[in-house]
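Some notes on the structure that comes next.
Read the figures in this text as sums done on the coordinates, not as results from a lab. These figures come from a predicted structure and were not determined experimentally. Note: ideal-geometry Cβ built from the backbone for every residue, glycine included; neighbour counts use all protein chains shown.
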Amino acid sequence: MITVSGLEKAYGTRTLFREVSFGLSSGRRVALVGGNGTGKTTLLEILVGLQPADAGEVHRPRGLRLGYLPQEPLGEPSGSVLDAVLGGVPELRPLERRLHELAERVAATTGDEHDRALAELGEAQHRFEDLDGYALEAEARRILAGLGFHPADSDRPLAEMSGGWRMRATLGALLLARPDVLVLDEPTNHLDTDSVAWLEDTLAAWAGALLFVSHDRDFIDAVANRVLELAGGTATEYVGGFAEFVVAREERLERARAAAAQQHKELERVERFIERFRYKATKARQVQSRVKTLAKLERIEAPDHSALVARFAFPPPRRSARVVAQLSGVDVGYDGVPVLRGVDLVVERGDKVAFVGPNGAGKTTLVRLLLGELDPLAGDVQLGANVDVASFAQHHIERLRPERTVLDELKAAAGPRLGARNPRTVAGSFGFPGELADRRVGDLSGGERTRLALACALVNPVNLLVLDEPTNHLDLPSCDVLEDALAAYPGTVILVTHDRHLIRNVATSLVEVRGGVARHHLGVDESVLRPPAPDGTAMNPPGRRRGPGEGAARAEGAARKEGRRVTAGERERRGAATKQLRARVARLERELTRAEADVAELQRRLADPALYDDPEQVREAATAHEAAKDQAAALTDAWVQAHTELDDAEARFAPPAP
């Protein structure tokens, strides 16, 4: 559906990426990963048309329906939460009003005017049914429940809600609209573990094309069937989920390192030849030939993805009392109204406790109680002797001063407690080595700001860390390093996060905050991390407005369940009826993949400065490039048409609704 060829983007002298080429089609669910500052959000914005590329092309077919979720909300919201989600199908509300007006006209008129109004009402009702209008509101409410909204929230003005809840409503509108291509920039950042699990199931059955950025490896593994990595200024695509990506990337990097080492040996051999025979007239031609070869040679750089990864080096804390925090019979809430009742909890030295549960249940309230920002309504809260606390929450990022440098912020956070430690060494330990420590905060990416805010919170020695969603906006390598650091940290950790991989590998116990109570679970219970969806099922996409190719992708999800309900004879008839169509779709997909590869190869050839030494080769390459693009476009249209025919054919054999 979307073909990306040879994209390049730079800011000033800094090139984010070049020669980025890939394709998005129905059934492809692509996770975009890469380090902070590599340009993931920029690439998404180029893809959806929010900013231009410096070079390259994005081909979008005419009539393509594209949905985009940015990291932060855009504009001021209006209307209720339900209205915002139903806004994903913008024709619905005006059509509802039109139906009401026409019904009143039919009731109030006679004769020809009555007949005209009746005909118009019939057309409007037909369009409303095409939109599945009678079921859309119920579907919207079910999506809201899956995203963690209470039923009473549906009619609340969206403007009253926080940015995180507004982002959930925006995501709900996109899920309801079911665009042909869905692009999501860190969709889990504002979700709790319950909603992440629900969204995971929903997107794993997504029928259209999906491109998303996420730092949650569990989420990537469950949803993605391809991984696109931005690293070293270019993009590499891998087939499979996150686990397959890790293995395949390491194999590719090992091959690249071997090739770089082999080339280095060859370069040394050629350089020795040049040095040895530079001043011998009988070898002048050979020497000059080798000098020119070296000048034109594209050097293979041994890839290194660890250069800018934070190490999160915690200074050693002093030893605290055995009991770090104790809550006894605590009621806590706001304005005298309890959010949680009867909380009993003991946190001992060295414990690593994860607070889990739906947003709004009271996790942050419990954290604020422990930090002394709230007084209990009843019961007793005690911190142990010699307990030094550091906390991090997402709003700490907003306290960073854009005009300051990274180094300035770290010095200000540490103050005199920095002592004899070299501030540049401290900056380097949090992933800001060398010149990066002198960058302005305003020039940092979202992930880099998160890392800096974490560094400011953790730069001083403490024995109790209270971290609220520390991995939001962090890249995957930094998440891994933070995980290792927290697991090895000798102090006590209280962690609020939706990242189940982080919880599973760091936490020693869980506190489940749900329904007005807090329950302590020793160990990490998977049933607590992944409770059933609100309706007991994953989202089952409605059959309305299916985009081209949804039938083929749906075979990975909901259609598997349908297939078990049909008889063997029905399956045989369906297989026979669709055999040729499926073969045609597969053939066109293979041809399209080859055509896209040809476009990318010709794009790379046209970017080679050496090509322009021969004008005839330039003309041939340019003509071939245009022909390859036309071929890819024609194959895309044919492939979409074939998918549509296959979808329609399969729908004729679908089992009747129960």
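Worth pointing out:
- Between Thr293 and Ala627, the distance separating the two model label sites (each 7 Å from Cα on the Cα→Cβ line) works out to 3.3 nm.
- Trypsin sites (Lys or Arg not before Pro) restricted to the stretch 224-278 and DSSP loop, no more than 14 other C-beta within 10 Å: Arg278
- In plain terms, the bigger the Kirkwood radius, the slower the diffusion; for the stretch 309-436, with that radius from Cα pairs, at 4 °C and 1.567 mPa s, Stokes-Einstein puts D at 74 µm²/s.
- Added length on full extension, which subtracts the Cα-Cα distance from 0.36 nm per residue, Asn386 to Arg116: 88.9 nm
- Net charge of the neighbourhood of Leu400, taken over other residues with C-beta under 14 Å away and scored Lys/Arg +1, Asp/Glu -1, is +2.
- Estimated FRET transfer efficiency when R0 is 25 angstrom, pair Gln617-Thr593 (beta carbons, to 0.05): 0.45
- For Arg319, net neighbour charge (Lys/Arg +1, Asp/Glu -1) across residues whose Cβ lies under 11 Å away: +2
- If you take all other residues with their beta carbon under 15 Å from the beta carbon of Arg514, and give Lys and Arg +1 and Asp and Glu -1, the sum is 0.
- Paramagnetic reach from Arg156 (point 7 Å along Cα→Cβ, amide N under 17 Å) across the stretch 191-215: 191-192, 195
- Over the stretch 137-244, Cα pairs under 8 Å with separation of 6+ residues give a relative contact order of 21 percent.
- A simple spin-label model places pseudo-atoms 7 Å from Cα toward Cβ; at Leu522 and Glu398 they are separated by 4.1 nm.
- Shown is the FRET efficiency for Arg269 and Gln641, computed with R0 = 60 Å from the Cβ-Cβ distance and rounded to the nearest 0.05: 0.60.
- Taken along the Cα-to-beta-carbon direction at a fixed 7 Å, the label points for Ala243 and Gln125 span 5.3 nm.
- Extended-chain gain in nm, criterion 0.36 nm per residue less alpha-carbon gap, Thr234 and Glu76: 53.3 nm
- Placing a label point 7 Å from the Cα of Arg504 along the Cα-to-Cβ line, the residues of the stretch 192-212 whose backbone N sits under 19 Å from it are 192-205.
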